[in-house]
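Report on the following structure.
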Amino acid sequence: LITGASGTGKELIAEAIHQGSSRKDGPFVKVNLGGIPTELFESEMFGHKKGAFTGADIEREGRFSRSNNGTIFLDEIGELELSCQVKLLRVLQEKTFEMLGSSEPLRTDVRVISATNKNLPSMSSDGRFREDLYYRINLLHIHLPSLHERRTDVPYLVKFFLQNMSTLYQSDIPYIDDDTMLWLSKQEYKGNIRQLKNIIERTFLLHRDKRDLSKKEFMPSFDNSVKSVGRSDSLNLEA
C-alpha cells in the first residue's frame, strides 16, 4: 500500500517496485478505481463473456487477467464503493475470480499494489472502507511525504525534469544558478511533484532559446497559491 498526497509520485514508486522485481518482464497494469463506475466494476476488473449482458457483443478480458504473472496497480483505492470492495477482497483472498457470464473460476498470479491519498484507517472507523480489505492490502506500507517535507529533493527533480525535456526536444540542458535553485526549493508546492514538473516544463517550453533560466523566467509560472516558506540555506545544491 502506497499512501501520500496527490502528486507525490505514488505511481512512479509502483512502477519502480515492478521493475525491480522478478515480475519485471510481466505486464504492469494500471487501474484508476476512482474512474470506474460501480456498475462496470466487475466487467472492467474480471472481464465478461459474450452475451453476459446487453451490449456484450464480444468477450472481454479483465484487468486481473491482463496482469497475470505481472503487477496490477490499483490507484485511488480509497474511492472504491463498498459493494466493489467486497468483490475485490474475494479476489485478493482466494486469488480466483469469475468472468461475468461464466461460473468457471480463473486463477490469477499477480502482485497487487494499491495507492491512495485518503486516510483509510479513519475511513474504516467510519464504515466507508472495509477493515478486512484494509488489512489485506496493507501488508507492506510505503508513505510518500509531501514535497514541502523534503525540499532537498527539489534540485534533483528540477535537473531530472530538465534533462527529460532536453532529450525530448533535442536541445541543450539550460543552466540554473544556485540562487535560482535555492529560490525554487523554498516555494510551497501544493500540487507536490506534479506541480513542480508542470512549472519546469512550462518554463522550459516558453524559453527554449535561453541557455540560462533564472528566477525571472520561473516566476510567471507560479500562481498566488504558491508562497515562499522562508530561508533554507542548509539545502544541498551541489549534487
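Pairing each residue of the range 24-38 that is under 19 Å from Ser65 (Cβ atoms) with any residue that is assigned to a loop (DSSP other than H, G, I, E, B) and not hydroxyl-bearing (Ser, Thr, Tyr), provided the two are 6+ apart or on different chains, yields C-beta distances under 7 Å for Gly26/Asn69; Gly26/Gly70; Pro27/Gly70; Phe28/Gly70; Val29/Gly70; Asn32/Glu76; Leu33/Glu76; Leu33/Leu80.
Of the residues making up the range 110-125, those that are surrounded by fewer than 19 Cβ atoms within 10 Å (Cβ to Cβ) and either assigned to a helix (DSSP H, G or I) or at pLDDT below 95 (or both) are Pro121, Ser122, Met123, Ser124, Ser125.
Name the one entry in Lys95, Lys49, Lys87 that is open to solvent by 60 Å² or more (accessible area, probe 1.4 Å), on the phi > 0 side of the Ramachandran plot and out of contact with any Cys (no Cβ under 6 Å at 6 or more places or on another chain). Lay out the reasoning, then the answer.
Values: Lys49 fails: on the phi > 0 side of the Ramachandran plot; Lys87 fails: on the phi > 0 side of the Ramachandran plot.
Of the residues listed, the single one that is open to solvent by 60 Å² or more (accessible area, probe 1.4 Å), on the phi > 0 side of the Ramachandran plot and out of contact with any Cys (no Cβ under 6 Å at 6 or more places or on another chain) is Lys95.
Selection within the range 71-98: residues that are in contact with a Leu (Cβ under 7 Å, 6 or more places away or on another chain), of a type in the set (A, V, I, L, M, F, W, C) and not in a helix (DSSP H, G or I). The member of this set that is nearest to Phe129 (Cα to Cα) is Leu80. Scan the range 21-33 residue by residue and report those that are assigned to a loop (DSSP other than H, G, I, E, B) and either within 17 Å of the chain's Cα centre (by Cα) or among the charged types (D, E, K, R) (or both). The answer is Arg23, Lys24, Asp25, Pro27. Only one of the listed residues (Gly34, Gly78) is of a type outside the set (S, T, N, Q) and either at pLDDT below 95 or over 20 Å from Leu140 (Cβ atoms) (or both). That residue is Gly34.
Would you pick out the residues in the range 7-20 that are assigned to a loop (DSSP other than H, G, I, E, B) and open to solvent by 60 Å² or more (accessible area, probe 1.4 Å)? Can you show your working first?
Within the range 7-20, the subset assigned to a loop (DSSP other than H, G, I, E, B) is 7-9, 20.
Across the range 7-20, the qualifying residue is only Gly20.
Here Leu182 clears all of (1) among the hydrophobic types (A, V, I, L, M, F, W, C); (2) more than 29 Å from Pro27 (Cα to Cα); (3) touching a helix residue (DSSP H, G or I) at 6+ places or on another chain (Cβ under 6 Å) except the condition numbered (3).
The criterion of at least 1 residues that are more than 25 Å from Glu11 (Cα to Cα) is met, among helices (runs of 4 or more DSSP H) falling completely within the range 152-220, by 178-185, 192-206, 215-218.
Exactly one residue among Ser114, Ser43, Ser65, Ser124 is farther than 21 Å from Lys30 by Cα and among the polar types (S, T, N, Q), and that residue is Ser124. In the range 144-177, the residue that is farthest from Lys215 (Cα to Cα) out of those that are open to solvent by 90 Å² or more (accessible area, probe 1.4 Å) and touching a residue at least 24 places away in the same chain (Cβ under 8 Å) is Asp172.
The values are calculated or read from the model by the stated rules, or taken from the named source; none is laboratory data. Fair warning: this is a prediction, and the values are worked out from it, not measured in the lab. Ideal geometry is used to build each Cβ from the backbone, glycine not excepted, and the neighbour counts take in all protein chains shown. These accessible areas exclude ligands, DNA and RNA; they are computed on the full protein's heavy atoms, side chains included. Shrake-Rupley method; radii C 1.70, N 1.55, O 1.52, S 1.80 Å.
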